[in-house]
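The numbers here are math on the coordinates, done by the rules we state, and not lab data. Bear in mind the structure is a predicted one, so any value in this text is a computation, not a measurement.
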Amino acid sequence: MKKLMTLLLAAGMVFSAANGASAVDIKVSGEWLFGGNFTNNILGGGNGIEPLQKDVDVARGNFTARQRIRLTLEMSVSEALSGLMQFQVGNGTDMPHALTLGSIGTGGTGKAVTARWAYLDWLVPNTDVRVRMGRQPFAAPSYVFNSPVLDESPDVVVNMPLNEAIDVTAAWIRARALVNVWGQEYKPHSTIDLAYLSGNFAGDGIKVSPYGMLAFVGSQANFGTVNDTDMLGFTPSDENTVAYWVGVGGELTMFDPFKFTFDALYSGNDADGTAERSGWYAALGAEMKT
C-alpha cells in the first residue's frame, strides 16, 4: 500500500509539473485612434492617397474622418518561449505595407479584422541564440531616421551574440508571394525572397551596424500599385532578377552631451532595360541634450 501511495504521489507531482510548464501568461494592450482632416485646393482629391490630377479641378473642400484599432496579445511561457499576436481594424488604402486609418461610415468596407503581426520568439536550448518566426516588424539598421528598407513581412530571424560587444543577425524574408492563395490560380516565379545578414559592434561611446541583403525577385511577382513600382523599388520585368543592398549605420555618444548618427546605403539590381535600378542614400544627424 505504501508503494502504491508513493507511485501515485510521484505521478501527481509529474502531472503538476507538466501543467506548470505549459502555463501561459497573457498581457493585453492596444490603441484606438480617431482623426479627421479638412483640405481645400488640393489636386487629386486632397486625401493624400490618389495621384495628382493636373487636368481636374478639385478646389472644393474635402473632409475625411478615419479610425484605426489595434489589439495586441503578448503570450509568455518563459524567458525561452513567447509569442505575440496583433489584430488591426481599419485599413484606408491598398498600398503595400501602408497601415493608415480606415474610413468611417463605409458600411463595413475597409474594416476587415487582420492579423498585422503574428510571431513566436524562442531560444535555442542551452544557447543565447534567439529565433523569431512569423509576420513581424523588421527593418535594416537605421540611426538617423526610420529605415528606408523593409517594414514588416513574414520572416525567420536568428540573432546570435558572439560576446558582450558583437552580435550577428541573419534572416530569411518573404516580402511578397502569390503562391498557395485560396481561389487564385498558381503563378510560378511570383515571390520575392530576401536573404539578410547584419552585425552590431558596440564599444565605449560608439556603435556600428553594417548589413547586406539579396533579393530574388520572380518575374511574376505582384508589383505595387504606384506606377507599377512597389515599396522595395522594383518594377515589372519579364525575367527573374536579383537585387542587392549594402549599407552601414552607427552612432557616436562619446562626446556627451552631443550624439552624432549616420546612415549610408547603396542598392541595385541585375535587370535590363526599364527595370534596371541603382542608387544610394545617406543621412547624418546631430543631437544635443539640454
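Tabulated results
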{"item": "Per-residue ³J(HN,Hα) for region 143-154, Karplus 6.51 cos²θ - 1.76 cosθ + 1.60, θ = phi - 60°, Hz, x for Gly and Pro", "result": "10, 8, 10, 4, 5, x, 10, 6, 8, 7, 5, x"}
{"item": "Karplus-derived HN-Hα couplings along region 75-89 (A = 6.51, B = -1.76, C = 1.60, θ = phi - 60°), whole Hz, x at Gly and Pro", "result": "10, 10, 8, 6, 5, 8, 8, 7, x, 9, 10, 10, 9, 9, 10"}
